[in-house]
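What follows is a set of notes on a single structure, which appears directly below.
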Amino acid sequence: MQSTVQNLTAPATTPATKPVAVLVPIKAFDLAKNRLSGTLEPFDRQRLARELAARVVSAAHPLPVYVVCEDDEVAAWAHAHGAGVIRSPGGGLNAAVEHGVSILTTEGYPFVCVAHGDLPDARDLSAVAGTEGATFVPDRHGDGTNVACVPAGVGFRFAYGPGSFSRHVAEARRLGLAVRVVHDDTLSWDIDTSDDLRAGDVNSAGMPTDAARAWAPRTSKASTMHLDLPVPRRALAIAAHPDDVEFQCGATFAKWAAHGCQLHHLICTDGSKGSWDPNIDTAELVATRAVEQRKAADALGSTGEVRFLGAIDGELEQNRVAVGAIARIIRELRPDVVLAHDPWRRWRLHPDHRNAGFLACDAVVAARDPHFFPEHGLAPHRPAAMLLFESEEPDHAEDVTGYEAAKVRALLAHVSQFETTMYIADGDDAAGLEAFDTHIRRELAAQGRLIGVASAETFLRLRDL
Ligand SMILES: [Zn+2]
């Protein structure tokens, strides 16, 4: 195949249509893996570098694969392995990758999937080779970027090196691209230092072992996470107890409110079990918690309603009356997004969370169709999205960087719950208050790391509503 671009050799096979090309930057084999120099002899480092590169090139199949390199020996190696060759003008990894992407843009590929050439378990890149927005596979530390699939021709600036994952997510957002993060055990392991070498990868002489060649990864579980819905005009969170909304999606709510969203709370139970004091006046507790819930909503910036379904705490049941009552509220408030407990979470003890989740799902179904509860006399309503919190398999994250304090403030409005759920003695317990603040921020940061932002709340998104 004759190429129109100088310094480009086409791969052995190119498909008729050109959705995605894979680009593998490979530096000279004799310079590769120099951080293993204390562990492996130069000869063995070279062999390892070639072996790893071969795995990544073959994992690209059936997508067309190009190697971008400065080195003649690597160019010959790539050609022999059926890869196209793009000669890099030099200037380091970022310049080489950007040069490769620009060449492939000229060649007519709308997307380029950049895969590092040192992924020992790489077998299949098809889950990453998306043709919508930008897709990233972080390394197993959530720090580097092992694979990045970006649209060609948008001027994506690569920033490899420590911390590159969050920089690449930020760059995608700067360019207005939808962000998708794939966590894939077969792509998250890269080999930089001796800590990355596992028993079975190489023998004592640094040779890849037969076991490693036939490597079956420990798990092949992959999951995908998407970042940020458009800010809804109206959102409704349906939760079991006063304070659940703040714990599960308080920061998301604070962010949306700050961007003009009207927030609504629907709390299914009265919270009357929320005390360890056997002698407490539960009627008084119910009244207190209703006031606290309104204050918490205010702390989130809510301009919407706080409603209570009125079930007794711990005794929420799945029945038609409750489904009808929630469906009526959905039809009245007409939220674009409904948030609720994930009822399919396994091994969850508390029945209210389970039942509130099923009720919310059933009510969304009932609210959207006119033949459910026609006695409401209200127009049906179908939300655009449903986000389930407490999910075991979240696939959606909201970046809540900057809204950590609002979440904590809203939680602290639930003063009656200091002792039972926040481990704070009272309002004067400075150490307890600080520990709680730290705990919430750490949790948000841990979820943020999954999607390459400082703080996040994560959900399972139901798409077909
Ligand atoms: Zn609860």
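Numbers at a glance
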| quantity | calculated |
| --- | --- |
| Matching option when the condition is assigned by TED's automatic domain parsing to the domain that holds Pro242, buried (at least 16 other Cβ atoms within 10 Å of the Cβ) and at pLDDT 95 or above, among Gly377, Gly324 | Gly324 |
| Condition met for Asp336 (within 15 Å of the ligand (Cβ to nearest atom), surrounded by 16 or more Cβ atoms within 10 Å (Cβ to Cβ) and not β-branched (Val, Ile, Thr)) | no |
| Selection from the range 235-257 of residues that are of a type in the set (Asp, Glu) and over 22 Å from the mean Cα position of the chain (by Cα) | Asp243 |
| Number of positions in the range 309-331 that are outside any loop (DSSP other than H, G, I, E, B) and under 32 Å from the mean Cα position of the chain (by Cα) | 6 |
| Long-range neighbours under 7 Å by Cβ, at least six apart or interchain, first residue touching a residue at least 24 places away in the same chain (Cβ under 8 Å) within the range 309-323, second of a type in the set (Gly, Ala, Ser) and assigned to a loop (DSSP other than H, G, I, E, B) | Ile312/Ser272; Asp313/Gly271; Asp313/Ser272; Asp313/Gly274; Leu316/Ala240 |
| Top-ranked residue of the range 386-422 - restricted to ones that are among the hydroxyl-bearing types (Ser, Thr, Tyr) and touching a helix residue (DSSP H, G or I) at 6+ places or on another chain (Cβ under 6 Å), ranked as surrounded by the most Cβ atoms within 10 Å (Cβ to Cβ) | Tyr403 |
| Matching option when the condition is at pLDDT 95 or above and part of a helix (DSSP H, G or I), among Ala367, Ala340 | Ala367 |
| Qualifying residue in the range 251-260 (condition: assigned by TED's automatic domain parsing to the domain that holds Phe358, under 30 Å from Ala456 (Cα atoms) and within 13 Å of the ligand (Cβ to nearest atom)) | no |
| Ala446 vs. criteria outside the structural domain of Arg167 (by TED's automatic domain parsing), over 22 Å from the mean Cα position of the chain (by Cα) and surrounded by fewer than 18 Cβ atoms within 10 Å (Cβ to Cβ) | no |
| Hits in the range 101-121 - residues which are among the small types (Gly, Ala, Ser) and either closer than 18 Å to Gly161 by Cα or touching a His at 6+ places or on another chain (Cβ under 9 Å) (or both) | Ala115, Gly117 |
| Every residue from the range 343-364 that is within 16 Å of the ligand (Cβ to nearest atom) and outside any loop (DSSP other than H, G, I, E, B) | Pro351, Asp352, His353, Arg354, Asn355, Ala356, Gly357, Phe358, Leu359, Ala360 |
| Close pairs (7 angstrom Cβ cut-off, 6 or more residues apart or separate chains): within 7 Å of the ligand (Cβ to nearest atom) in the range 237-248, in a loop (DSSP other than H, G, I, E, B) and of a type in the set (Asp, Glu) anywhere | His241/Asp313 |
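Conditions (1) aliphatic (A, V, I, L, M); (2) farther than 22 Å from Leu187 by Cβ; (3) at pLDDT 90 or above, marked per residue:
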residue: Val20; (1), (2), (3): yes, no, yes
residue: Ala28; (1), (2), (3): yes, yes, yes
residue: Leu36; (1), (2), (3): yes, no, no
residue: Thr39; (1), (2), (3): no, yes, no
residue: Asp44; (1), (2), (3): no, yes, no
residue: Val56; (1), (2), (3): yes, no, yes
residue: Leu63; (1), (2), (3): yes, no, yes
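The values are calculated or read from the model by the stated rules, or taken from the named source; none is laboratory data. Quantities reported herein were computed from a predicted structural model and do not represent experimental measurements. Cβ: placed from backbone, ideal geometry, glycine included. Neighbour counts: every protein chain shown.
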